Amino acid sequence: MYWPSSSGANGNVTTVIEDLLPAEVVSADVLGDDPDARLLPEEEPEVAKAVEKRVREYTIARSCARRALGKLGLPEVPILRGPKRQPLWPDGIVGSITHTRGYYAAAVAWAEEVLTVGIDAEQHDVLPDGVLGVVTVPEEREMLAGLGTHNGVHWDRILFSAKESVYKAWFPLTEKWLGFGDARLTFHPDENTFSAALLVEPPIVRGVPLTGFEGRFLVRDGYVVTAIAVV
């Protein structure tokens with residue numbers, strides 16, 4: 001469950017997101033700070049009224065996204081936000097961005113090779129009081145009770161992160177809201193994977209109903225990271 005730590009230069013972690021994604025998806029991530037991170041002029045208005053901490057988070061995450069796009073051979077471009085705060089990628093690109101305290105990541109792919117991508121990172125800790133009942137359905141709470149604190153893992157936090165990844169994978173395909181109660185997760189602990197069954201009317205994608213997603217997760221360096229990529 002826990003992966004060995006291997007930080008690169010400037011605090012960059014080179015294997016966290018990469019270990020969760022197929023070869024068709026490229027990524028970039030940072031553990032700690034990135035002194036070289038910067039915003040493009042077009043992005044600055046997006047956080048003009050934000051506090052300094054928020055600006056720094058936004059800056060590092062956007063810089064990760066541009067580094068990931070660079071691995072696809074694309075030039076630096078502004079990555080603005082859509083009406084639902086989703087990142088607006090260049091034409092022909094699918095991707096996802098995440099950040100939590102001290103960790104930032106982005107993953108992108110060519111849309112002709114990958115249908116959608118969703119990633120999320122969270123602090124590896126128990127969920128705050130009162131949150132579990134809001135973000136789970138009864139079957140999930142029963143599953144979590146059975147898992148307990150196996151290997152010191154906070155399964156409730158992994159579930160929360162996985163549902164964030166589900167939403168990030170879902171929204172670009174549908175441009176519709178998906179609540180925490182609209183998907184039911186099942187963990188496969190021995191494989192570090194999860195399945196997400198959609199509990200809403202499935203949209204038609206590639207000519208067939210989209211009924212769920214398959215994803216992967218890991219716990220490392222005090223973080224939970226989850227990822228979905230539909231190839």
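Each value in this text was obtained by applying a stated rule to the coordinates, not by laboratory testing. Predicted, not measured: the structure shown is a model, and the values here were computed from it. Glycine also receives a Cβ, built like all others from the backbone with ideal geometry; neighbour counts cover every protein chain displayed.
Along its first, second and third principal axes, ordered by size, segment 27-72 spans 32, 24, 14 Å in Cα coordinates.
Could you point to the label whose value was computed as volume of the Cα convex hull per residue in Å³ for the structure here, given [x] 139; [y] 130; [z] 164? Among [x] 139; [y] 130; [z] 164, the one calculated here is [y]. Between the Cα long axis of helix 52-71 and the first principal axis of the chain there is an angle of about 80°, rounded to the nearest 10. Ordering Pro75, Leu147, Leu218 by the projection of their Cα atoms onto the charge dipole of the chain, which places +1 on the Cβ of Lys and Arg and -1 on the Cβ of Asp and Glu, puts Pro75 at the extreme positive end. For the chain, the longest principal axis of the Cα atoms and the long axis of helix 155-174 meet at an angle of about 60 degrees. Counting every alpha-carbon pair across segment 8-120, the share separated by more than 19 Å comes to 40%. Taken along its three principal axes, the alpha carbon spread of segment 142-231 comes to 41, 26, 21 Å, from the longest extent down to the shortest. When the Cα atoms of segment 49-100 are aligned to their principal axes, the ranges along those axes come out at 33, 22, 18 Å in descending order. Summarised as an ellipsoid, segment 49-175 has semi-axes of 30, 18, 13 Å, derived from the eigenvalues of the Cα gyration tensor scaled by 5 and square-rooted, with the largest first. Global dimensions of segment 133-173 from alpha-carbon coordinates: Rg and Dmax equal 11.7, 36 Å. Around the amide H of Leu127, modelled in the peptide plane, lie the amide H atoms of Arg157, all under 5 Å away and 5 or more residues distant in sequence or on another chain. Could you tell me how many degrees, from 0 to 90 and to the nearest 10, lie between the Cα long axis of helix 138-147 and the main elongation axis, the longest principal axis, of the Cα atoms of the chain? Once rounded, one gets 90 degrees. Peptides 194-200, 122-128 ranked from most to least packed give 194-200, 122-128, packing being the mean of other C-beta atoms within 10 angstrom over each peptide's residues. Taking each DSSP H run with n ≥ 4 as -39500 (n - 2.57) and averaging over every residue of the chain yields -7500 deg cm²/dmol at 222 nm. Working out 0.36 nm times the residue gap between Val208 and Glu113, then minus their Cα-Cα distance, what length gain in nm do you get to one decimal? So the chain would gain 32.4 nm between Val208 and Glu113. Packing order of peptides 166-175, 43-52, highest average first: 166-175, 43-52 (average count of other Cβ atoms within 10 Å over each peptide's residues).
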